[in-house]
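> Take a look at this one; I'll ask things after.
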Amino acid sequence: MTDLMAEPMLTNPYSGVARYQLYIDGSWVDAKGGKTFTSVNPSTGEIWAEVADGQADDIDAAVTAARRAFDGGWRNAGATERSAVLRRLGDVLARPDVIERLAVHELLDTGKVIRETIGLARAFSTWCYYYAGVAESLRGSTIPVPMEQTFTYTVPGPIGVVAAITPWNSPILLMLWKLCPALAAGNTIVIKPSEVAPVSTLEFARVLDEAGVPRGVVNVVSGQRAAGAALSSHPGVDKIAFTGSTATGKKVMKAAAENLSRVSLELGGKSPNIVFDDADIDLAVNGIISGSFAAGGQMCTAGSRVLVQDSIYDAVLERLVERVGAVKIGDPFDWSSEMGALTWSEQFDSVLRRIDKARAEGARLVIGGGRPLTPPSPGGFHVAPTVFADVTSSMEIAREEIFGPVAGLLRFSTEEEAISIANDTQYGLAAAVWTTDLGRTQRMVHAIEAGTVWVNCYRRVSYAAPFGGVKSSGIGLENGTEVMREYTEEKTVWIDTNQKARDPFRLA
Ligand code: NAD
């Protein structure tokens with residue numbers, strides 16, 4: 001049994017540059033064109049890995065392998081076999097050595113701190129176990145149609161080859177949100193991780209053989225954006241499961257339209273974190289910290305629009321600034337570090353630009369506002385946790401995703417005003433409400449346009465609970481049993497048990 005509280009001492013296992021090939025049809029291969037690209041360790045700014053740069057022909061090889069594996073057996077594998085594969089995968093992912101290896105690779109690739117990446121890695125196996133169970137409980141229904149001696153039922157079946165295109169902020173977990181239900185339903189999969197942090201997904205692929213996942217069922221092709229475009233427009237792909245920005249999601253949907261591929265999109269957000277004056281202020285401040293600064297704010301669900309009721313605005317701001325001032329930015333391998341670096345240089349520049357814009361637009365900088373005074377390493381992409389007050393809904397900081405450690409406090413006086421500000425956004429991924437009033441809770445939950453509403457908590461997700469966005473935050477769901485709709489085709493079967501001819505010119 002893994003000790004979930006253990007804090008193992010971990011270090012960078014590489015003295016030189018780590019090298020990774022593509023994982024296609026159960027084999028490790030170079031990109032056909034022989035190209036590679038490098039991955040930078042965000043905590044130091046140094047190159048730490050060299051990765052095969054997959055192109056359209058590599059994508060084609062992976063889709064072909066996935067199709068062969070689908071037609072060659074996986075689509076017909078019984079539920080018990082699919083479940084067993086997922087359970088074995090869970091068993092490997094639950095091993096402490098594997099948890100630590102994946103946590104270290106994700107740390108080196110994303111700049112997150114060890115307490116975050118270990119937490120994620122300890123959850124990986126749980127997704128596999130849950131969908132191992134779901135695989136065995138997938139069932140259709142019998143339908144009481146209004147015709148005599150007719151037996152009608154539905155059978156869920158797989159769709160075919162799934163393309164999983166993932167972002168850089170939580171590469172393995174967001175990939176597993178696709179892989180687990182896809183395999184549970186009998187699909188095969190081609191994964192294209194982000195070019196910004198591709199390594200942990202390739203490192204994950206190393207466990208597939210050990211878990212006995214049949215060759216070709218799971219394939220990983222690292223590559224640039226063009227590789228993502230090649231995958232989403234490939235005619236051999238039956239379903240695209242995409243997580244990334246809203247702008248790219250629209251391109252993916254257009255590409256899917258060309259082939260009529262099924263598509264689900266998990267996109268950006270600009271979530272309101274709403275604090276009412278009857279809330280427990282300490283709990284709310286803790287939730288603001290979690291929503292704005294965990295993972296350096298690089299969360300699609302970041303609650304970076306903090307709406308605070310007039311009468312407690314100053315008290316919340318004061319306590320927030322006190323706690324933010326104590327956030328420890330440090331060596332990512334140090335268990336006491338709370339925040340690491342942003343994942344890549346462009347993101348670092350973009351966050352600093354948005355901070356400057358917020359100042360120029362009249363938001364009041366209260367703490368942070370740039371690089372930390374004493375960054376843990378001179379070349380790292382570190383940004384100090386930053387709080388702006390006096391933010392208004394029209395400012396860029398309140399409208400655009402920042403994807404960095406920046407919280408902007410807005411002010412409201414009534415429930416109606418809070419709802420109006422909360423919904424004044426193109427996004428609808430998540431929201432939080434801090435209140436002890438049950439009636440208000442119900443009214444807010446009803447009124448807020450978002451796929452997830454947390455009440456007196458933040459950043460909770462589970463394999464068992466559906467997750468998805470409304471408005472420009474996406475289409476479709478992940479997690480829970482609900483996600484299985486995204487990975488299955490329902491077949492309707494009609495059986496006439498009467499064996500007598502009917503009038504062929506009459507609909508019946
Ligand atoms: P991105 O859209 O730039 O890239 C995501 C993936 O798409 C990458 O693998 C990239 O190579 C690929 N890609 C790029 N262009 C493509 C194209 N034309 N066709 C197909 N694929 C293409 O996003 P990002 O910067 O990697 O990630 C950050 C974004 O992801 C943020 O907007 C964040 O909110 C969002 N996100 C959403 C969720 C969610 O569950 N809703 C979770 C995490 C991140």
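The values are calculated or read from the model by the stated rules, or taken from the named source; none is laboratory data. Given the structure is predicted, the values throughout are model-derived calculations rather than measurements. Heads up, the Cβs are rebuilt from the backbone with ideal geometry, glycines too, and the neighbour counts pull from every protein chain shown. Ligands, DNA and RNA are stripped out before the accessible areas are found, and what is left, the full protein with its side chains, is counted by its heavy atoms. Shrake-Rupley method; radii C 1.70, N 1.55, O 1.52, S 1.80 Å.
> Calculate, axis by axis, the spread of Cα positions in the stretch 272-455 along the three principal axes, and write the results as whole Å, longest axis first.
Ordered largest first, the stretch 272-455 gives principal extents of 50, 31, 29 Å.
> Oh, and also: Rank by packing, highest mean first: peptides 179-185, 10-16, with packing defined as the count of other Cβ atoms within 10 Å averaged across residues.
Details: 179-185: 28.7, 10-16: 11.0.
My ranking of the peptides, most packed first, is 179-185, 10-16.
> OK, next. Among the lysines, which have Cα under 20 Å from the Cα of LYS328 when same-chain residues fewer than 8 positions away are ignored?
Answer for LYS328, where 20 Å is the Cα cut-off: LYS112, listed by chain and number.
> Let me ask something additional. Determine the percent antiparallel among the DSSP beta bridges restricted to the stretch 347-497, to the nearest 5. Present the calculation step by step, with values, prior to reporting the outcome.
Working: 4 of 11 bridges.
Percent antiparallel among DSSP bridges in the stretch 347-497 is about 35.
> Can I ask one more? Give me the net charge for the shell around THR80: Cβ to Cβ below 12 angstrom, other residues only, Lys and Arg +1, Asp and Glu -1. Could you put the intermediate results ahead of the total?
On the way: positive: ARG82, ARG87; negative: GLU81, GLU136.
Surrounding charge for THR80 is 0.
> Another question, then. Per residue, how much accessible surface does the chain expose to a 1.4 Å probe? Answer in Å², no decimals.
Details: 20690 Å² over 508 residues.
So the chain comes to 41 Å² accessible per residue, rounded to a whole number.
> For the stretch 272-455, with all protein chains present and a 1.4 Å probe, just round the carbon and sulfur fraction of the accessible area to a whole percent.
Details: 3470 of 6940 Å².
Ligands and nucleic acids excluded, carbon and sulfur reach 50 percent.
> Hey, another quick one. Magnitude of the Cβ-charge dipole of the stretch 197-290, K/R +1 and D/E -1, about the Cα centre, nearest 20 debye?
Details: 9 positive and 10 negative charges, 161 e Å.
Dipole size: approximately 780 debye.
> Ranked highest first by average number of other Cβ atoms within 10 Å, how do 293-304, 333-344 line up?
Highest to lowest by the protection proxy: 293-304, 333-344.
> Taking the dipole about the Cα centre of the stretch 1-109, with the C-beta of Lys and Arg at +1 and of Asp and Glu at -1, give me whichever of ALA77, GLY45, ALA6 is farthest to the positive side.
ALA77
> Suppose we keep just the DSSP beta bridges with both residues in the stretch 272-455; what percent of those would be antiparallel, to 5?
Details: 3 of 23 bridges.
That works out to approximately 15 percent antiparallel.
> Pull up the DSSP beta bridges for the chain and report the antiparallel fraction as a percent, rounded to 5. Before the final figure, lay out each step's value.
Values: 27 of 68 bridges.
So the antiparallel bridges in the chain amount to around 40 percent.
> How charged is the neighbourhood of SER304? Take every other residue with its Cβ under 13 Å from the Cβ of SER304, and add Lys/Arg as +1 and Asp/Glu as -1. Walk me through the intermediate numbers first.
Working: positive: LYS270, ARG305, ARG354, ARG399, ARG459; negative: GLU396, GLU400, GLU401.
Taking every other residue near SER304 into account, the sum is +2.
> Given LYS357/LYS471; LYS178/LYS239; LYS192/LYS239; LYS250/LYS357; LYS192/LYS251, which pairs have Cα atoms separated by over 22 Å? Could the numbers behind the result be given before it?
Values: LYS357/LYS471 26 Å; LYS178/LYS239 11 Å; LYS192/LYS239 14 Å; LYS250/LYS357 26 Å; LYS192/LYS251 16 Å.
Over 22 Å Cα-Cα: LYS357/LYS471; LYS250/LYS357.
> Treating only the Cβ of Lys, Arg, Asp and Glu as charged (+1, +1, -1, -1), what charge dipole size does the stretch 272-455 show about its Cα centre? Round to the nearest 20 debye.
Roughly 400 debye, rounded to the nearest 20.
> Sorted from largest down, give the three principal axis spans of the alpha carbons of the chain, whole angstrom values.
Each principal axis gives a Cα extent; for the chain these are 79, 58, 45 Å.
> In the chain, which whole DSSP H runs stretch at least 15 Å along their own axis (Cα) and average 1.6 or higher on the Kyte-Doolittle scale?
On the way: long enough: 56-71 (22 Å, -0.09); 79-93 (21 Å, 0.07); 96-110 (21 Å, 0.14); 114-137 (36 Å, 0.20); 171-185 (22 Å, 1.69); 199-210 (18 Å, 0.34); 246-259 (20 Å, -0.51); 281-293 (17 Å, 1.28); 313-325 (18 Å, 0.06); 345-360 (23 Å, -0.88).
Qualifying helices: 171-185.
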